[in-house]
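Worksheet: one structure, shown below.
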Amino acid sequence: MYSQDSYGLGHLRRATNLANALVTERPDLSVLLVVDSPVAPFFDLRAHIDFVKLPTVVKVAAGVFRPGRLLTTYGLVKAMRSTVSREVIARFRPDLVLVDHMPGGANRDLVPALRLIRSLAYPTRVVLGVRDIIDDPAVTCAVWEREGFYDTLRRYYDSVLIYGSPDVFATATKYEIDRALSGDVRYCGYVCNMDPVKDPRHVRDKVEVGDEPIIVVMAGGGADAFRLMETYLEALPLVDVRATTVMVTGPFMPEEQRKFLRDRARDIGVQVRTSVSDSLSHLNAADLVVSMAGYNTVSEILRFRKRAILVPRPGPSAEQRMRASIFSERGLVTSIDPQEFSAPRLAASIVETLARPAPSASELPAMHGVSTVTNTLLTWLAPDTASARSWQPRKHSVARGSLALP
């Protein structure tokens, strides 16, 4: 599995969820994650899963990256990433490669590895997995055209799995994926962590709260969550509702910002934590969730049918604003536009949202993504198909011999 996730935790969390589900269903698998998150692996990996860490790059605009930590040129970092990915393919010779989000990797750094698969006729199935919303379709289509990603799909990929539902967002059509790969494109439903959770009473005892509502404030990795959490602390004294708040800053929030929040939260009785050992159980115990609008967090909110207030990231991508708007229009969440976000607006939304009923199961989109993706990948990896499947050169494949196995 290739996952590019330099700023948050979303892609890494999704890859880990799928890897853990795969080895649970089929213990004879070996899963190797090729990731660039600065905190990889972060989430617990089950037996027979390992990871390779790529040098981190950071997206600064659509299709534009810079080195994440190294004081060197982006060209050198990209070359190192390409070399590592190609060596992994050459040595590991996987039966299946699942690429997350970008067909060619970050700025095409995965293309040499994909080319190696085809040039050496490995019997490897190459699959692209994409979340429901990538960015504004016009922006994404322009980047994919400029980067040659549509041609990459045609040349090197066998299938596309969409982690969403067409009745929520027509991902394949909006991003012209079905035009580039008209064959095996499948919607799988939303992918989120389906691990069991503890009884809400256990969490209530842990945070020492009685029967009053619990509000959980979270924002994934937390790199850009400071404004959300600072505004929440300003809004809480304006809320005429007795509640207990647990604020989870995430591992990427700068320490000086985290200290500022802790100091301010102490005076109003808000519990601030960098992370919690069982975030799913905390979310399940919440009466209200206040968060940004990342894919994984929203999917988990929907899984547990929680009342939620979403304040999407203002940019550089339109992804979160689009997702928050879509689910708000469906009546599943409350959304506050980042340009209209203020303490009085948030305080009013907290009161209004707590007074509403939680979403019903019948209102939710398909939430079975983990099982659908797992079953699909295991079908492709079945002994009678994985070992016996003979690879046939694709019409647009590169010439054999363009790369030699080291």
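When the residues of the range 271-291 are filtered to those that are in a loop (DSSP other than H, G, I, E, B) and at pLDDT 95 or above, which remaining residue is most open to solvent (accessible area, probe 1.4 Å)?
So the first thing to find is which residues in the range 271-291 are in a loop (DSSP other than H, G, I, E, B), and the list is 274-278, 286-287.
The next check asks that each one be at pLDDT 95 or above; those that pass are 286-287.
Values: 286: 4, 287: 46 Å².
Filtering the range 271-291 for residues that are in a loop (DSSP other than H, G, I, E, B) and at pLDDT 95 or above, the one most open to solvent (accessible area, probe 1.4 Å) comes out as 287.
Kindly check whether there is at least one residue in the range 229-245 that is open to solvent by less than 10 Å² (accessible area, probe 1.4 Å), in a loop (DSSP other than H, G, I, E, B) and either over 15 Å from residue 271 (Cα atoms) or free of Cβ contacts under 8 Å to residues at least 24 places away in the same chain (or both).
First pass over the range 229-245, keeping only residues open to solvent by less than 10 Å² (accessible area, probe 1.4 Å): 229, 232-233, 235, 245.
Applying the additional criterion that residues be in a loop (DSSP other than H, G, I, E, B) yields none.
No, the range 229-245 contains no residue that is open to solvent by less than 10 Å² (accessible area, probe 1.4 Å), in a loop (DSSP other than H, G, I, E, B) and either over 15 Å from residue 271 (Cα atoms) or free of Cβ contacts under 8 Å to residues at least 24 places away in the same chain (or both).
Can you list residue pairs whose Cβ atoms sit under 7 Å apart, with the first residue in the range 62-81 being at positive phi and the second being hydrophobic (A, V, I, L, M, F, W, C) and part of a helix (DSSP H, G or I)? Count only pairs 6 or more apart in sequence or on different chains.
From residues that are at positive phi, the pairs are 63/143.
Would you be able to tell me the number of residues in the range 301-316 that are more than 16 Å from residue 335 (Cα to Cα) and touching a helix residue (DSSP H, G or I) at 6+ places or on another chain (Cβ under 8 Å)?
Residues meeting the conditions: 1.
Against the definition (within 30 Å of residue 274 (Cα to Cα) and either modelled with pLDDT of 90 or more or open to solvent by less than 10 Å² (accessible area, probe 1.4 Å) (or both)), how does residue 31 come out, yes or no?
In short, yes.
Looking at (1) assigned to a helix (DSSP H, G or I); (2) touching a helix residue (DSSP H, G or I) at 6+ places or on another chain (Cβ under 8 Å), which one does residue 104 not meet, given that it meets all the others?
(1)
Taking the stated definitions as given, is residue 211 in a loop (DSSP other than H, G, I, E, B) and surrounded by fewer than 22 Cβ atoms within 10 Å (Cβ to Cβ)? So that I can check it myself, show each step before the final result.
Values: in a loop (DSSP other than H, G, I, E, B): yes; surrounded by fewer than 22 Cβ atoms within 10 Å (Cβ to Cβ): yes.
So residue 211 fits the description; yes.
Condition (residue is in contact with a Lys or Arg (Cβ under 9 Å, 6 or more places away or on another chain) and of a type in the set (A, V, I, L, M)) applied to the range 306-323: is it met by at least one residue?
There is at least one residue in the range 306-323 that is in contact with a Lys or Arg (Cβ under 9 Å, 6 or more places away or on another chain) and of a type in the set (A, V, I, L, M).
Quick one: how many residues across the range 22-61 are of a type outside the set (Lys, Arg), touching a residue at least 60 places away in the same chain (Cβ under 8 Å) and more than 26 Å from residue 292 (Cα to Cα)?
The number of residues fulfilling the criteria is 4.
Could you list, in sequence order, all residues of the range 108-158 that are buried (at least 20 other Cβ atoms within 10 Å of the Cβ), among the polar types (S, T, N, Q) and over 17 Å from residue 184 (Cα atoms)?
Matches in the range 108-158: 140 only.
Could you run through the range 167-186 and say how many residues are open to solvent by 70 Å² or more (accessible area, probe 1.4 Å) and either assigned to a strand (DSSP E or B) or without any contact (Cβ under 8 Å) to a residue 40 or more places away in the chain (or both)?
5
Could you look through the range 346-362, keep only residues that are in a helix (DSSP H, G or I) and free of Cβ contacts under 8 Å to residues at least 24 places away in the same chain, and pick out the one that is least open to solvent (accessible area, probe 1.4 Å)?
348
I want to confirm something. Restricting to the range 293-320 and keeping residues that are within 13 Å of the chain's Cα centre (by Cα) and touching a residue at least 40 places away in the same chain (Cβ under 8 Å), which single residue is nearest to residue 134 (Cα to Cα)?
319
The values are calculated or read from the model by the stated rules, or taken from the named source; none is laboratory data. Just so it is clear, the model here is predicted, and its values are computed rather than measured. For neighbour counting, all protein chains shown are included, and Cβ atoms are generated from backbone atoms with ideal geometry for every residue, glycine included. Just so you know, the surface numbers come from the protein's heavy atoms only, side chains and all, with ligands and any DNA or RNA stripped out. Shrake-Rupley method; radii C 1.70, N 1.55, O 1.52, S 1.80 Å.
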